[in-house]
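Asker: Have a look at this one before I ask anything.
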Amino acid sequence: MNEASPAPRALRIAAPALLALVVIGVWQLLTDIYAVPSYLVPSPAVVAKTLITDRELLLRSLLVTLAIALSALAIATVLGTLTALLFVQSRWIEMSLFPYAIMLQVTPIVAIAPLIIIWVNNTSIALVICAVVVAVFPIISNTTLGLRSVDPGLVSLFRLCRANRWQTLTRLRIPTALPYFFGGLRIASGLALIGAVVAEFVAGTGGSGAGLAYQILLAGFQLNIPRLFAALVLITAAGVALFSLTLALSRLTLRRWHESELAAVD
């Protein structure tokens, strides 16, 4: 097994970076040529300047939103994994409860967020709950699929060796389910951030506990479009960072033994 050559790795970084530079350059050029006002579409230079001048306000709001998203992701991971482990114990349990998990997924969070915020006295906890509702389903679905996707021959072998239910779960089903789990975790990381932002929009919380969604709302009301774009840039960067973190965790866990990661370094 050989390490991947530096060229493809560099290309994976250089290609999207080059595309981003081209898009930003065209954006800057068009706003300069047509003299587009900043209150309509700010140029990248104006957005970058706003990120610097308003950095304290924006970074403080970013930390609030990230705290909600990370808390929701952690809770959704634990809750989703435990639910999947419960489902795999019995088909009857899965058939009875899985439709309710689907109901959580298909119900728009903007419809139930006001109820959660009203029912829960603590706004921060209510925002975390809203984000958990959005993020938990991919973990339940993917992990359950992984736990069920065991080679029947291996299951028969474990039975032949008189392995009990716990040994079959820990030594066969869970290792098989790990790639599926990490796939769900990558999806859930983005959904947790989306859930946090949407919940902040609904709650409209201001003051020291204001997240980036509130800054977007406030900037829209004040026609401070450069700050609005700057907040959007930070939300996008946070989403990419969360996805990259879960991807790195997946590779760190699977790189030495699973085919999906071994193939990447052949």
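The values are calculated or read from the model by the stated rules, or taken from the named source; none is laboratory data. As the structure is a computational prediction, the values presented were derived from the model and not from experiment. When we count neighbours, we look across all protein chains shown, and the Cβ atoms used for this are built from the backbone with ideal geometry, even at glycine. Just so you know, the surface numbers come from the protein's heavy atoms only, side chains and all, with ligands and any DNA or RNA stripped out. Shrake-Rupley method; radii C 1.70, N 1.55, O 1.52, S 1.80 Å.
Asker: Here are V46, V22, V64: which of them is closer than 30 Å to S141 by Cα and either part of a helix (DSSP H, G or I) or within 25 Å of the chain's Cα centre (by Cα) (or both)?
Answerer: V64
Asker: I'm checking my understanding of the structure. Among residues of the range 115-128 that are within 14 Å of A199 (Cβ to Cβ) and in a loop (DSSP other than H, G, I, E, B), which one is most open to solvent (accessible area, probe 1.4 Å)?
Answerer: By that ranking, first place goes to N122.
Asker: Now for a different question. Going by the conditions given, is L57 within 30 Å of R255 (Cβ to Cβ), modelled with pLDDT under 95 and of a type outside the set (G, A, S)?
Answerer: no
Asker: Okay, moving on. Which residue, of A84, A14, A74, A20, is open to solvent by less than 60 Å² (accessible area, probe 1.4 Å) and in contact (Cβ under 8 Å) with a residue 40 or more places away in the chain?
Answerer: A84
Asker: Checking I112 against (1) outside any loop (DSSP other than H, G, I, E, B); (2) of a type outside the set (D, E); (3) in contact (Cβ under 8 Å) with a residue 40 or more places away in the chain; (4) open to solvent by less than 50 Å² (accessible area, probe 1.4 Å): exactly one of these is not met. Which one?
Answerer: It fails just one condition, (3).
Asker: Now for a different question. Answer yes or no: is there a residue in the range 122-145 that is over 17 Å from the mean Cα position of the chain (by Cα) and closer than 21 Å to T253 by Cβ.
Answerer: Checking the range 122-145: at least one residue is over 17 Å from the mean Cα position of the chain (by Cα) and closer than 21 Å to T253 by Cβ.
Asker: Looking at the range 146-170, which of its residues are surrounded by fewer than 12 Cβ atoms within 10 Å (Cβ to Cβ) and part of a helix (DSSP H, G or I)?
Answerer: Those that are surrounded by fewer than 12 Cβ atoms within 10 Å (Cβ to Cβ) and part of a helix (DSSP H, G or I): P152, G153, S156, R159, L160, R165, W166, T170.
Asker: Now for a separate question. Just to check your reading of the model, which residue among V88, V22, V26, V41 is touching a Leu at 6+ places or on another chain (Cβ under 7 Å) and farther than 30 Å from T123 by Cα?
Answerer: Going through V88, V22, V26, V41 in turn, the sole match is V88.
Asker: L193 - would you say it is touching a residue at least 40 places away in the same chain (Cβ under 8 Å) and closer than 24 Å to F243 by Cβ?
Answerer: For L193, the condition - touching a residue at least 40 places away in the same chain (Cβ under 8 Å) and closer than 24 Å to F243 by Cβ - is met.
Asker: In addition: Looking at A72, A45, A67, A111, can you tell me which residue is among the aliphatic types (A, V, I, L, M) and under 30 Å from T170 (Cβ atoms)?
Answerer: That would be A72, the only listed residue that is among the aliphatic types (A, V, I, L, M) and under 30 Å from T170 (Cβ atoms).
Asker: Could you tell me whether V197 is modelled with pLDDT of 90 or more, open to solvent by less than 30 Å² (accessible area, probe 1.4 Å) and among the β-branched types (V, I, T)?
Answerer: yes
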